[in-house]
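Read-outs throughout are calculated quantities, based only on the coordinates presented, and are distinct from any laboratory measurement. In this text, all values refer to a predicted model and were calculated from it rather than measured experimentally. Counting neighbours? That spans all protein chains shown, and the Cβs are built from the backbone with ideal geometry, glycine included.
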Ligand code: ADP
Ligand code: MG
């Protein structure tokens, strides 16, 4: 350790880093020297000059030659231009083209030698230039690290800062990974890893560093998660919810159906947690339609019988209202004070609700994000539930949790998480799974058609409607603009009116409607006042209209598979057979496979596993919404074996209580810091 210097020093200590750069770096989440040293490149470019006959078609290469023509800049299209210059390489003349970088003109003087990195087109003997490299400068590395940067900070600036930081702080870098693990898995030292990641001389060197970096990232992540979990579950920290078992049984008896075995099992798992001093932090996953709501209702009632309050937060107003109505009905005979709080709750009502919550007269509250706003204070919150939890950010879930004195937490999701992701995304949670649908459900039949077959689909829908069933028509997902989204929905709405009216009535539901408008549309649809509902994805989660049996989804290939699965979960809720028709004209093999998966399985786990294989974890879980940690080096899918090993080793270390060994001093210090940050920021 060097006196006076620490990796926790601010980047501001580096030469050339003033307030502006500090700001630019902080946008990349770099504030300390340690952050900077761990800001690894996402790829490398081999800048070593190659012979022309070694250059492979469509590969990126560096070529060196003599300028033999004056550079010419020509303009085309709006504000676009290209720069052409000829190079002589041995006996060949090649054409080099740079797009939209006219200023490079000055770099090409006839007769001068230049080296250019770019993409080689062998047929045309031309190079699409990406970089002009200095020929003489021998310190020019042959292997360049490429970092992801923002527009406020240059690639070259970052490279320089990392070099400076490494030069002056390398003696501060010490090993965090226990030596025993380093040996067991033949890992590099921390210092060698950092050097190898940033300044490799060969691809092999980069690979070796990367191997260690991945292990380190996963291992430290697992250690952090498991420690947090251990602490959360430490006795005396949780809340004992001493519920009244008899009352609970009496309530379950009043339900209009028998619980499935899976529902009974998860109710027991949750109740066991409630009763114990252990702080519950549990994920309840179950496919669409598996009956999670009723489980939520039962355990909320458990909290109420213990004299505590329970909260249920849903991602949309439609869903919150539906839950509210459901629960109000279920608890009508039980004298439970239930309220609904959403963004459109009137000020006066809101005031009453808040007063009731604070006084403890309100026992159950259902709501949207409105629940986690300032001013919503509980007398004694015992259980906080999020429905469709993947639609909330980690922070939103945390705020809800902090509304009480460490209430028990239940997060429900219908986006089943493959095991591969579960251990990463929810490393700190226990998982309960409803792996059984209520009896008597007829599996949804899904088919895929091309857009020119839509007329046939409409004819089919006519027949279904004639059986007094109802239908959804889902409009394409247009993320770019809300107004486009609306325009599209309105267009489809008109087409559906033409197709079905006057025999059947058509309604429209879109994201820009006010909450009460949405609610009245849903209520009318549920009451069968109209038979066809044209809807954007606002309909996606949770909504329950058992009489709807057909769903037509336009541009289905624009949706994530899990999202399609959620959407089609809106049908198949009644006694009649249900049909989901996907309209899509996929352009590539992946697109075709994705549609085929949907037609082949109704199993949400299989759907999301397949989605994972085809598109990667971000898309499956919906990016940051999911609480999915963002790994910088490792890929939880591609590097799954490493992830599992890291998890195992972390577990071993903790169960053997090895963290206090002197050999693990660095690791312990690191984790102190990390777990604090985790608990503060979540
Ligand atoms: P999800 O898990 O998708 O949230 P819901 O809780 O909305 O599912 O339940 C779907 C439908 O199944 C609801 O209409 C609900 O009343 C019904 N349901 C739930 N549990 C059972 C059961 N054990 N038997 C029959 N129907 C059930
Ligand atoms: Mg639900």
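Starting from the Cα of residue 48, step 7 Å along the direction of its Cβ; do the same at residue 105; then give the gap between the two resulting points in nm.
3.7 nm
Put a dot 7 Å past each Cα toward the Cβ at residue 124 and residue 656; how far apart are the dots in nm?
6.0 nm
Over the chain, what is the mean sequence separation of C-alpha contacts under 8 Å (at least six apart), divided by residue count, expressed as relative contact order in percent?
Once normalised by length, the contact order is 12 percent.
Give the calculated FRET efficiency between residue 142 and residue 673 to the nearest 0.05, with a Förster radius of 51 Å applied to their Cβ-Cβ distance.
Given R0 = 51 Å and the Cβ-Cβ separation, E is 0.85.
Expected output is a single nm value to one decimal: the length gained when fully extending between residue 361 and residue 592, i.e. 0.36 nm times separation in residues minus the C-alpha distance. What is it?
Separation in residues times 0.36 nm, less the Cα-Cα distance, equals 77.7 nm.
Assuming R0 = 35 Å, can you tell me the calculated FRET efficiency for the pair residue 26 and residue 258, based on Cβ-Cβ distance, to the nearest 0.05?
On the way: r = 56 Å, r/R0 = 1.61.
Rounded to the nearest 0.05, the efficiency is 0.05.
Any chance you could run the full-extension gain for residue 113 through residue 247? It's 0.36 nm times the residue separation minus the Cα-Cα distance, nm to one decimal.
Details: separation 134, 0.36 × 134 = 48.24 nm, distance 8.77 nm.
That pair, residue 113 and residue 247, stretches by 39.5 nm at full extension.
Arrange 410, 648 by Cβ neighbour counts within 10 Å, fewest through most, would you?
Ordered by Cβ neighbours within 10 Å, fewest first: 648, 410.
What is the spin-label model distance, in nm, from residue 613 to residue 334 if the labels are put 7 Å beyond Cα along the C-beta direction?
4.3 nm
Could you line up 450, 350, 78 from fewest to most neighbouring Cβ atoms inside 10 Å?
78, 450, 350
Going by Cα centres, the stretch 61-118 and the stretch 285-355 are how many Å apart?
Cα centroid of the stretch 61-118 versus Cα centroid of the stretch 285-355: 67 Å apart.
Order by neighbour count: 157, 446, fewest other Cβ atoms within 10 Å first, most last.
157, 446
Where in the stretch 94-111 does the label zone of residue 73 land, with the point 7 angstrom along Cα→C-beta and an amide N cut-off under 16 Å?
Under 16 Å, as judged by backbone N against the label point of residue 73, lie 97-109 of the stretch 94-111.
Normalised by the number of residues in the stretch 19-146, what is the relative contact order in percent for Cα pairs under 8 Å and 6+ residues apart?
Relative CO of the stretch 19-146 lands at 26 percent.
If you line up the long axis of helix 665-681 against the longest principal axis of the chain, both from Cα atoms, how many degrees apart are they, to the nearest 10?
In the chain, helix 665-681 runs at an angle near 50 degrees to the longest axis.
Once both axes come from the Cα atoms, what is the angle between helix 482-500 and the longest principal axis of the chain, in degrees from 0 to 90, rounded to 10?
So the helix axis and the longest Cα principal axis differ by about 50 degrees.
First measure r as the distance between the Cβ atoms of residue 503 and residue 442, then evaluate 1/(1 + (r/R0)^6) with R0 = 22 Å and state the FRET efficiency to the nearest 0.05.
Using R0 = 22 Å, I get an efficiency of 0.30.
Relative to the first principal axis of the alpha-carbon coordinates of the chain, what is the inclination of helix 203-233, with its axis defined by its Cα atoms, in degrees from 0 to 90 and to the nearest 10?
In the chain, helix 203-233 runs at an angle near 30 degrees to the longest axis.
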